[in-house]
Structure formats: C-alpha cells, structure tokens
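Chemist: After the structure tokens below, expect a handful of questions from me.
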Amino acid sequence: MLKVEKVNTGKNFRVLEHGEGVFHRALEYVLLGEKYFHVSRDGEYLYDLVYVENQTFAEQSPAYVSTAVYDYLPMYPPYLNYDEGDVDKICFELLENTQALWFERVSEYSVVIARLFLQELGGKVYFGDERIRWFIDDERIELADEESCPEAMKIYGDFVPSAFDSNFGRMDAMVLFHHLFMLQWLTPLKLSDVKYVELTIPASEGIGSMLLAYGRGRAFFEKRYGFTVTIKAGSSRYDDDMLKRYFNLKYTPPDSNDKNTIYVINYYSLMYSKALRRRPDIDEGLFNEGFLADMKFYAQNVIDGKRTLGLLLRGSDYLTSQMGGNSKPAAMQTVIARVKEWKERYGYEKLFLATEDGDILDAMRESFTKDLITISQERYRVSDFTDELRTIGDVDRARHPDREDYDSFTEDVMVNYFYALYLLSQCDSFVYSCHCCGVSLVRIFNDDRFEKMLCLATGAKE
C-alpha cells in the first residue's frame, strides 16, 4: 500500500509526475526495491508516496490478531499488480447496496476505491481529507467529517481489525481493497475459464474451521460465480475416507487443472476475508443423514427435558497462541460470575459444558459440582503447548505419531466434538467465552431458536 504523506525535504527520492497512473508507476519501482517517492506537479513537490506492505501495516496495529498460527502465510497480500479496468474480476459485493462511502484519509487504496465506486456504482463519496481534490475531480465527492454522514460506510486510514467479525459498515481501506481485488490476487485466469476452486486445508485447522471454510467458499464462489468448490485430497489433518463417512464434501476431480482451477493455498487470507464472512456458513445438508440423526437422538436423551444453559468455553491453544479481539477467551472469573448470575436469574436446572480445556473443566466442576453436564472430549492444558507444539493439531500429531493410530484418534475426537456442539444447540440458551468456529456451528444447528445468547469476550447479548 502506498501512503500519501507530506514532502520530506530532507531526503532525496525518485521523483514521479503527479497524475492518474502515479500509483502504478510507483509500484513498478517498489518491485525493484524502492519504497519512497517524491511526487511533483508543475515542477514543485506536491506530496510523497511511502510504501508499506499490507501485512506489515496490519501487524503494526496493536489491534491486529497476532498469533503464531497464521505466521507462515500473510493474511493480507501485497497487491503490487492489479488492474482497475478488469472489472469482471473486481468483487463489488460489499458495496452493491451501499449508497455512500466516507473515507477518513487519502491513500492509494482510498483513491482507487472511490474512483471505482463512482464509476461502477454511482453512489456518493465523502472524504475527511481535502487532498482527495488532487486525485479526483468529481462533484459527487464532498468534504465531511465522520459524524455528518451517518448513512455512509466508514473506511478508515488506520488498520481496523475485522477478520473475525461481521461488521460490514466499517473497515479500513486496505481490508476493503483486499475484498475488491481478491479474485485478481487468486488467479490470472479469466473467470469464464474457471470451473473449480480448490481449497488446501492447513493441518493446523480443526474440523469446524474446515467445514466453515468449505461452506463459506461454496456460498461465495458457487452462488455468485458458478464455480465448484472442492477440497484438495490429503491436505487436512483428517483422513479423507473418514470425512466422507460423516460429511457431504466434494474433493478435487481428475479433470481439474491449472487452466480451469483457482488454487487457494493461502487459507487464512481467504477464510477471514470480508467476502466470505458476509456469506452464510453451512447448513445441515453438509452432514450425513445418519450422523445427524444419531446426534439428535443423543441430545434428546442427555437434556431429557431439563431447562439447560449451554456453555462453550474455548481455551488451550486459543490462550497460548494469543488470539485477540472477539476470539480472545474471557477470563474464568468472568465466566463463572456470569454463569452463576444467569443460572439464578433465568432458572436453568442444568449446565451443559463443552470445552477442550482440562483446566477450564476443573474450574467449572469446582464451581458447579451438582449441575454440570459434560460428555467425553479430548482435553488439553495450557502446559501441553510449546514453541514447537503451537496448536491442538501439533499436540495430537506428537502424541500419535503412528498414522493409523492418529486417524482412529482424530475420528473419535471429531465425533465427540460434533456431539457436544449439537447438544449445545439443543439447550435453551447459549453462552460462549469467545468467537470460534464451534460457535458458528452451534448457531447453524440451533437455527436462531435460543432464548438468549451471550458472548463473554465482548459482553454482547443477542
């Protein structure tokens, strides 16, 4: 991303002439290793352009979700090459029902987005930065502060953490640019040539994350573009044949090739893009009918007509990997206090707890001895994780190095995990410690029938 900054008269940089193509000219030199440019107009310096990688821009923000789980691939690509004229491969979905945009600051991305919005969608544009007049001469652009245009989508200059939320009314310009140009980043193919989108699932990801990525991918690529979403065989931590026994998944067919397939290697950048988060996740049709029927029968027998509060308390590697924002688990003192309050206020007879964290289970048993229901789940403790063993998947592979033993183990863990999630969905109300894939799956199973819901990480009641 190129930032538009005041001229640094104490430094000598390459001089570029101001004009509509100035950003692309600067990016040509960025590819050669340069990062700073003076931009002149009529023989005088007007402003400087300063290049910062998108991933670095995000990571410099204290609000960025900094976790070692994602560190081997950037969440946000650099976009050194893009084409505003290739409109077929620009995704306007977030902007299609938007009447107005408000930009806090002028930058490469805010200028590009504003031009596209005016040219393709014809809405109103506001800027809190008068320098926009240098770049776009259009009467539909007005200078305004944020408060004076409440109807507009708010687009900020600094990074706004938005990968893990579903707020589509505010974000930063880099995140919105990533949404718009994502298809140009994913593939050089013409969209008319694309038949498949192949997802490579990282071995670090659990079954919930995998199903949500597959479901969101189908909802976006299949419904909007008509592409068939598939999973790369052997890429996940689970045995493919085992998954086929429980889920209706499509694996990449033999006729897929680099002439007709978009290959999604950077799982996190796609999974947490606004494009996919806006789409519905999955429905019960993804599950094998027999598996779904067994879960329903089990849940009915465990709950047995009792008024029950469901609790999903994520811990273990969500704590050690330092998940942030809405994905940072609430402290146990907060959890216990709120559960006691809800139990007394709303008259729950039983508490059903789903957690993979042995320390959390111990704390809840100590506080709610008589009323707590749990089912068999593999448990982990914070002490199980090290610099080498960062995720649950890492720990599982270390404990079960034999492939046959590992496959059998992961099948048992996966089945119990879904039984727990389905049981949660049949409770009267639902409290969860933070946002995670399990929460989305519980809400899908429940179909918005909970009396009450509460996210302890944010304090938001629903």
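The values are calculated or read from the model by the stated rules, or taken from the named source; none is laboratory data. Just so you know, these numbers come straight off a predicted model, no measurement behind them. Using ideal geometry, Cβ is built from the backbone for each residue, glycine included, and neighbour counts are taken over all protein chains shown.
Chemist: Counting just the residues of segment 335-391 that are basic (Lys, Arg) and touching a residue at least 12 places away in the same chain (Cβ under 8 Å), which one comes out surrounded by the fewest Cβ atoms within 10 Å (Cβ to Cβ)? Before the answer, list the steps.
Modeler: At the first step, the residues of segment 335-391 found to be basic (Lys, Arg) are 338, 340, 343, 345, 350, 365, 370, 379, 381, 390.
Next, from what is left, pick out any that are touching a residue at least 12 places away in the same chain (Cβ under 8 Å): 338, 340, 343, 350, 379, 381, 390.
Working: 338: 17, 340: 12, 343: 16, 350: 20, 379: 17, 381: 15, 390: 18.
Applying the filter and picking the extreme gives 340.
Chemist: Another question, then. Right, residue 392: hydrophobic (A, V, I, L, M, F, W, C) and modelled with pLDDT under 85 or not?
Modeler: yes
Chemist: Quick check on segment 224-237. Is at least one of its residues surrounded by fewer than 17 Cβ atoms within 10 Å (Cβ to Cβ), out of contact with any Asp or Glu (no Cβ under 9 Å at 6 or more places or on another chain) and not assigned by TED's automatic domain parsing to the domain that holds residue 442?
Modeler: So far as segment 224-237 goes, yes, one or more of its residues are surrounded by fewer than 17 Cβ atoms within 10 Å (Cβ to Cβ), out of contact with any Asp or Glu (no Cβ under 9 Å at 6 or more places or on another chain) and not assigned by TED's automatic domain parsing to the domain that holds residue 442.
Chemist: Quick check on my filter: what residues within segment 223-278 are among the small types (Gly, Ala, Ser) and within 16 Å of residue 204 (Cα to Cα)?
Modeler: Matches in segment 223-278: 233, 234, 235, 236, 269.
Chemist: As an exercise: evaluate residue 377 against (1) at pLDDT 85 or above; (2) within 25 Å of residue 337 (Cβ to Cβ); (3) more than 25 Å from the chain's Cα centre (by Cα) and give the number of the one condition it does not meet.
Modeler: Of (1) at pLDDT 85 or above; (2) within 25 Å of residue 337 (Cβ to Cβ); (3) more than 25 Å from the chain's Cα centre (by Cα), only one is false for residue 377: (1).
Chemist: Has segment 37-60 got at least one residue that is surrounded by fewer than 14 Cβ atoms within 10 Å (Cβ to Cβ), modelled with pLDDT of 90 or more, over 19 Å from the mean Cα position of the chain (by Cα) and assigned by TED's automatic domain parsing to the domain that holds residue 111?
Modeler: Looking through segment 37-60, none of the residues is surrounded by fewer than 14 Cβ atoms within 10 Å (Cβ to Cβ), modelled with pLDDT of 90 or more, over 19 Å from the mean Cα position of the chain (by Cα) and assigned by TED's automatic domain parsing to the domain that holds residue 111.
Chemist: State whether the residues of segment 9-29 include one that is among the β-branched types (Val, Ile, Thr) and part of a strand (DSSP E or B).
Modeler: Among the residues of segment 9-29, at least one is among the β-branched types (Val, Ile, Thr) and part of a strand (DSSP E or B), which makes the answer yes.
Chemist: Ok, one more. What number goes with the only condition from (1) in contact with a helix residue (DSSP H, G or I) (Cβ under 7 Å, 6 or more places away or on another chain); (2) farther than 30 Å from residue 361 by Cβ that residue 266 does not pass?
Modeler: For residue 266, the failing item is (1).
Chemist: Would you confirm whether or not segment 197-212 contains a residue that is under 15 Å from the mean Cα position of the chain (by Cα) and hydroxyl-bearing (Ser, Thr, Tyr)?
Modeler: yes
Chemist: Does residue 125 meet the test of being surrounded by 19 or more Cβ atoms within 10 Å (Cβ to Cβ), at pLDDT 95 or above and not assigned by TED's automatic domain parsing to the domain that holds residue 227?
Modeler: Yes; evaluated as a whole, the condition is true for this residue.
Chemist: Filter the helices (runs of 4 or more DSSP H) completely within segment 344-462 down to those with at least 2 residues that are within 30 Å of residue 240 (Cβ to Cβ) and not assigned by TED's automatic domain parsing to the domain that holds residue 241.
Modeler: The qualifying helices (runs of 4 or more DSSP H) are 392-399, 403-425, 437-446.
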